[in-house]
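Colleague: Structure below; questions to follow.
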Amino acid sequence: MKPLLIVAHAPSENTRRLVDALLRGAQAMRESLEIRLVAPLEAGAEDVLQAGAVLLATPENLGYMSGAMKDFFDRIYYPCLERTEGLPYALMVRAGHDGTGTCRAVQSITGGLRWRAVREPLVCRGPFREEFVEVCEELGGLMAAGLEAGIF
């Protein structure tokens, strides 16, 4: 079974807590699934090509994804184009504002790659709340369970 790849940019303590929750949720649901957490500046096309599903996590920066996440997409786009069509993915955005621009940008790129969103983006909006940790843990679990069960 191909691994779940979590590509996450966590420049702040609160964003790191959300990424940790994604990972914790994924690990709690797995039985035989490999889970790989890689920072966007370290992740490459080979990581994506080997993945069974991708979980993306980025903060909203000036109404857009983080520069590190954009760099990730810039480097993997053409090597993965036509080779990862249908790849299941989910997106988590830590948004200080509304996250709309960030979601639109990621969906535009993943649409070009023809990846398949397994759910609507999870946008943790506004001031940090503890409930963000819970919903991120649920998303990590959903991705791992769905991949392991062959649902996507």
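The values are calculated or read from the model by the stated rules, or taken from the named source; none is laboratory data. Note that this is a predicted model, so its numbers are computed, not measured. As a convention, Cβ positions derive from the backbone with ideal geometry for all residues, glycine included, and neighbour counts pool all protein chains shown.
Colleague: What is the residue count in region 73-96 for residues that are out of contact with any Leu (no Cβ under 8 Å at 6 or more places or on another chain) and outside any strand (DSSP E or B)?
Modeller: The first filter runs over region 73-96 and keeps only residues out of contact with any Leu (no Cβ under 8 Å at 6 or more places or on another chain), leaving 73-76, 78, 82, 86, 95-96.
Restricting the remaining residues to those that are outside any strand (DSSP E or B) gives 73-76, 78, 82, 86, 96.
Total satisfying the criteria: 8.
Colleague: Among what's in region 53-67 and is within 13 Å of the chain's Cα centre (by Cα) and part of a loop (DSSP other than H, G, I, E, B), pick the residue that is surrounded by the fewest Cβ atoms within 10 Å (Cβ to Cβ).
Modeller: Within region 53-67, the first condition is being within 13 Å of the chain's Cα centre (by Cα), and the residues that meet it are 53-59, 65-66.
Remaining after also requiring part of a loop (DSSP other than H, G, I, E, B): 65-66.
Working: 65: 28, 66: 24.
This residue is 66.
Colleague: Just one of 138, 60, 130 is touching a Ser or Thr at 6+ places or on another chain (Cβ under 7 Å) and under 19 Å from residue 21 (Cβ atoms); which is it? Lay out the reasoning, then the answer.
Modeller: Details: 138 fails: touching a Ser or Thr at 6+ places or on another chain (Cβ under 7 Å); 130 fails: touching a Ser or Thr at 6+ places or on another chain (Cβ under 7 Å).
None of the other options fit; the residue is 60.
Colleague: Now a separate question. If residue 70 satisfies all but one of (1) farther than 28 Å from residue 28 by Cα; (2) in a loop (DSSP other than H, G, I, E, B), what's the number of the condition it fails?
Modeller: (2)
Colleague: Separate question: Specify the residue that is farthest from the chain's Cα centre (by Cα); the eligible residues are those in region 98-115 that are more than 18 Å from residue 59 (Cβ to Cβ) and not in a helix (DSSP H, G or I).
Modeller: 114
Colleague: Suppose we filter region 137-152 for residues that are surrounded by fewer than 19 Cβ atoms within 10 Å (Cβ to Cβ) and under 16 Å from residue 123 (Cα atoms); how many remain?
Modeller: Residues flagged as surrounded by fewer than 19 Cβ atoms within 10 Å (Cβ to Cβ) and under 16 Å from residue 123 (Cα atoms) within region 137-152 amount to 1.
Colleague: Kindly provide the set of residues from region 116-152 that are farther than 16 Å from residue 54 by Cα and part of a loop (DSSP other than H, G, I, E, B), ordered by number. Walk me through it before giving the result.
Modeller: Residues of region 116-152 farther than 16 Å from residue 54 by Cα: 123-135.
Answer for region 116-152, where residues must be farther than 16 Å from residue 54 by Cα and part of a loop (DSSP other than H, G, I, E, B): 126, 127, 128, 129, 130.
Colleague: I need the full set of residues from region 28-52 which are surrounded by fewer than 17 Cβ atoms within 10 Å (Cβ to Cβ), in a helix (DSSP H, G or I) and at pLDDT below 95, in order please.
Modeller: Hit for region 28-52 is 28, nothing else.
Colleague: Checking the condition in contact with a Lys or Arg (Cβ under 8 Å, 6 or more places away or on another chain) and either within 17 Å of residue 116 (Cβ to Cβ) or touching a residue at least 60 places away in the same chain (Cβ under 8 Å) (or both), which residue from 64, 89 passes? Working first, answer last.
Modeller: Working: 64 fails: either within 17 Å of residue 116 (Cβ to Cβ) or touching a residue at least 60 places away in the same chain (Cβ under 8 Å) (or both).
It is 89.
Colleague: Restricting attention to region 86-115, which residues are loosely packed, with under 14 Cβ neighbours inside 10 Å and closer than 19 Å to residue 48 by Cα?
Modeller: 86, 108, 111, 112, 114
This table checks each residue for (1) touching a Ser or Thr at 6+ places or on another chain (Cβ under 8 Å); (2) of a type outside the set (S, T, N, Q).
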site: 27; (1), (2): no, no
site: 53; (1), (2): no, yes
site: 64; (1), (2): yes, yes
site: 72; (1), (2): no, yes
site: 82; (1), (2): no, yes
site: 86; (1), (2): no, yes
